[in-house]
Amino acid sequence: MVYVKWIFRILFWGAFAAWLHYTLPQRDIVRIVGTYEERQELGDWTRIFWSKPDTQSEGLINRDVQFIQGFNSKDKAWVYRNEDTGWSWPPYFKFDTANLYTEANDAISTKDAPEWVVITHYGWRNEFLSAFPNAVAIKPATGPDMRVIPWFNIIFLTLLAAIFWAIYVRWRRFREARIDPVLEDVGYSWDAASDNVAERRGRFRAWLDTFKGKSR
Amino acid sequence: MGLVRLVVIGFIVLTVIYFCLSLYSRAVRRAKLKAQWDDEGMTGDQDAFVTHGLEEYDNSLRRKLILGVYIVPVCFVAILIYVINFM
């Protein structure tokens, strides 16, 4: 029972952490090498990895999506999609997809004369599922080794932890004051009931034993 | 349509949070008033003292600060829209 509880806990908090990792912004330093637009089929469950912008009807099963291609300082390829999030989840309220596409095209550079930019994005890249992180902002970087401190994530996660802790402490206090005493009551009566049963069974066994010639 | 959905769902969620916070804050205030009564060894009608204290609390600024539950997220969203799209 203890294992089940722990497995359940680990699964729950693992899923929550993964969800945060997907949703919170991350920043990469890349040089942009190109942009392209490709028609995407959105008819299966991988739909969750694409945005649901306002302007597109929910019933649409394919549409054109813009992509931004980049390389980081270790020459690892990064491909971002460029989609509005609109008013829906995740709450980035991104409406400037066309502007971002223009900025990306402006920042295209070659390997010999690289122009490094910081791309803010959320989401995951997965080659098997054809999932792409969504680029949210492009800012010039000082160089490939620029140090980016994720202030937003630091503040957000600290606040989130504080809120969870505050609720947890209050819930525990409430449980100790209101629920535990009731459960203890139930526990006492359960113990009393099982003692009673045990005693009766003992008497029954003693009676059976009289057939074997034992005295009561 | 998306904006309408966000506003409706946001309003419902924030209202739930608002009511939970209000009830919790009132309960805390009540417990504090009772503790004050016991600590200072007051005599007389405790219920009247607590009721009076809660009435004072209902008119206080502290009570109205809970309205920030509605105001803070709206400001936050407005700032976010500006930062993401226009900065």
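Some observations on this one:
Residue-wise test of (1) under 39 Å from the mean Cα position of the chain (by Cα); (2) within 14 Å of chain B (Cβ to nearest Cβ); (3) at pLDDT 90 or above; (4) within 24 Å of B:L80 (Cα to Cα).
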residue	(1), (2), (3), (4)
A:N134	yes, yes, yes, yes
A:W151	yes, yes, yes, yes
A:L157	yes, no, yes, yes
A:W165	yes, no, yes, no
A:F174	yes, yes, no, no
A:V182	yes, no, no, no
A:S189	no, no, no, no
A:A192	no, no, no, no
A:N196	no, no, no, no
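- Failed item, numbered, when B:I79 is tested on (1) under 22 Å from the mean Cα position of the chain (by Cα); (2) within 27 Å of A:P91 (Cα to Cα): (1)
- In region A:84-112, the qualifying residues are those that are among the charged types (D, E, K, R) and not in a helix (DSSP H, G or I), and the one that is farthest from A:N134 (Cα to Cα) is A:D112.
- Of the set (1) more than 10 Å from chain B (Cβ to nearest Cβ); (2) surrounded by fewer than 18 Cβ atoms within 10 Å (Cβ to Cβ); (3) under 17 Å from A:Q66 (Cα atoms), all apply to A:I138 but (2).
- Qualifying residue in region B:7-19 (condition: in contact (Cβ under 8 Å) with a residue 60 or more places away in the chain, surrounded by 11 or more Cβ atoms within 10 Å (Cβ to Cβ) and more than 14 Å from the chain's Cα centre (by Cα)): yes
- Hey, A:R27 touching a residue at least 40 places away in the same chain (Cβ under 8 Å) and either of a type in the set (D, E, K, R) or within 22 Å of A:E83 (Cβ to Cβ) (or both) or not: yes
- For A:K74, the criteria (1) part of a loop (DSSP other than H, G, I, E, B); (2) under 25 Å from the mean Cα position of the chain (by Cα); (3) over 28 Å from A:F156 (Cα atoms) hold in every case but one, which is (2).
- Contact map, region A:86-112: residues that are within 13 Å of another protein chain (Cβ to nearest Cβ) paired with residues that are of a type in the set (S, T, Y) and buried (at least 21 other Cβ atoms within 10 Å of the Cβ), Cβ distance under 7 Å, separation 6+ or inter-chain. Pairs shown: A:Y92/A:T85; A:F93/A:T85; A:K94/A:T85.
- Here region A:137-149 is the region considered, the condition is being small (G, A, S) and part of a loop (DSSP other than H, G, I, E, B), and the residue that is modelled with the lowest pLDDT is A:G143.
Rundown of residues vs (1) out of contact with any His (no Cβ under 9 Å at 6 or more places or on another chain); (2) surrounded by 13 or more Cβ atoms within 10 Å (Cβ to Cβ); (3) closer than 23 Å to A:I167 by Cβ; (4) of a type in the set (V, I, T), yes/no style:
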| residue | (1), (2), (3), (4) |
| --- | --- |
| B:R29 | yes, yes, yes, no |
| B:A35 | yes, no, yes, no |
| B:D38 | yes, no, no, no |
| B:L54 | yes, yes, no, no |
| B:I66 | yes, yes, yes, yes |
| B:V69 | yes, yes, yes, yes |
| B:V72 | yes, no, yes, yes |
| B:Y82 | yes, no, no, no |
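The values are calculated or read from the model by the stated rules, or taken from the named source; none is laboratory data. Since this is a predicted model, take the numbers as computed values, not measurements. Positions of Cβ are backbone-derived with ideal geometry, glycine not excepted, and every protein chain shown enters the neighbour counts.
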